[in-house]
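What follows is a short report on a single structure.
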Amino acid sequence: DMLLCKNKDYAGKKVLVTAGPTVEDIDPVRFISNHSSGKMGYSIARAARNRGAEVILITGPTDIMPPVGVKVIRVKTAQEMYDEVMKYFPNVDIAIKAAAVADYRVENVSNTKIKKSEDSFEIKLIKNKDILLEMGKIKTNQILVGFAAETNDLIQNAKLKLANKNLDMIIANDITQENSGFNYDTNTVKIIKKDGQLVQLPNMLKQELADIILNYILEIKLKR
Ligand code: CTP
Ligand code: CA
């Protein structure tokens with residue numbers, strides 16, 4: 001078995017991973033979501049499991065099979081993801097927030113199908129809680145890792161998120177790069193650590209990248 005050959009350097013560690021999009025209803029027919037496939041988060045969950053971690057995967061709706069041996073918690077909305085994350089976060093060693101959380105939800109979700117009428121139509125959105133920001137506020141000894149999906153000013157935006165959300169590390173993802181970001185099996189990212197270290201990685205399979213991300217997290221953990 002391939003699993004048995006693997007280095008079990010995550011044995012004894014509890015890892016929380018969030019993955020996929022969140023879905024915010026407009027009415028019983030329509031919703032607001034995003035292009036997240038869940039591949040990056042699921043790859044991290046699989047890699048951590050392979051290395052011996054106890055993995056909790058909190059996931060929005062995706063089409064992919066979760067790795068066997070991982071505790072899977074399915075959510076739909078950002079609010080549901082927030083509730084589940086807050087339940088588990090205090091008891092993990094490492095949390096990796098790969099999910100693409102909807103920044104806004106519909107203020108008044110209609111119980112009945114909205115009928116078309118006027119030529120223009122407005123939906124009022126209100127801000128969801130920033131789950132990662134809240135995790136950063138309450139973290140004690142956990143290593144907290146976020147993602148930043150950007151189309152411009154990648155490093156600058158990612159560094160701001162790293163600082164504002166009290167993260168130990170951020171994976172800066174330029175989604176305009178070829179074969180990178182939403183839905184691809186591959187990704188091109190830069191890893192930025194709290195101590196300022198910046199690692200520029202080539203385009204690679206998300207499954208390979210997952211192991212590299214876990215290597216850098218372990219380095220932080222060992223230095224503590
Ligand atoms: N995130 C979160 N809760 C939210 C929004 C984002 O936990 N309501 C997390 C994501 O899981 C990701 C990180 O914050 O790990 C960055 O998400 P991103 O959308 O790139 O940044 P935002 O802080 O939402 O800022 P913006 O979308 O304006 O760039
Ligand atoms: Ca966002």
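The values are calculated or read from the model by the stated rules, or taken from the named source; none is laboratory data. It should be emphasised that the depicted structure is a prediction, and the values quoted were computed from it without experimental measurement. Don't worry about glycine lacking a Cβ; one is built from the backbone with ideal geometry, like all the others, and counts go over all protein chains shown. The protein model used for the area step is the full one, side chains on, heavy atoms only, and it has no ligands, DNA or RNA in it. Shrake-Rupley method; radii C 1.70, N 1.55, O 1.52, S 1.80 Å.
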Quiz prompt | The listed residue being away from ligand 2 (no atom under 16 Å from the Cβ), closer than 21 Å to Tyr42 by Cα and either part of a loop (DSSP other than H, G, I, E, B) or among the polar types (S, T, N, Q) (or both), out of Tyr88, Tyr184 | solution = Tyr184
Quiz prompt | Unique residue being within 27 Å of Gly12 (Cβ to Cβ) and not acidic (Asp, Glu) when the list is Leu133, Leu154, Leu160, Leu167 | solution = Leu167
Practice problem: Go through segment 144-180 and give me each residue that's modelled with pLDDT under 95 and away from ligand 1 (no atom under 11 Å from the Cβ). | Solution: Asp174, Thr176, Gln177, Glu178, Asn179, Ser180
Quiz item: Within segment 133-188, can you find the residues that are among the acidic types (Asp, Glu) and open to solvent by 60 Å² or more (accessible area, probe 1.4 Å)?
Solution: Asp153, Glu178, Asp185
Quiz item: Taking the stated definitions as given, is Glu122 within 16 Å of ligand 1 (Cβ to nearest atom) and over 17 Å from Ile217 (Cα atoms)?
Solution: no
Exercise. Would you please name the residue that is least open to solvent (accessible area, probe 1.4 Å), looking only at residues in segment 107-132 that are under 17 Å from Asp25 (Cα atoms) and within 16 Å of ligand 2 (Cβ to nearest atom)?
Key: Asn128
Quiz item: Lys223 versus (1) exposed (fewer than 13 other Cβ atoms within 10 Å of the Cβ); (2) touching a residue at least 24 places away in the same chain (Cβ under 8 Å): which is the lone unmet condition?
Solution: (2)
Quiz item: Quick one: how many residues across segment 55-93 are within 14 Å of ligand 1 (Cβ to nearest atom) and of a type in the set (A, V, I, L, M)?
Solution: 7
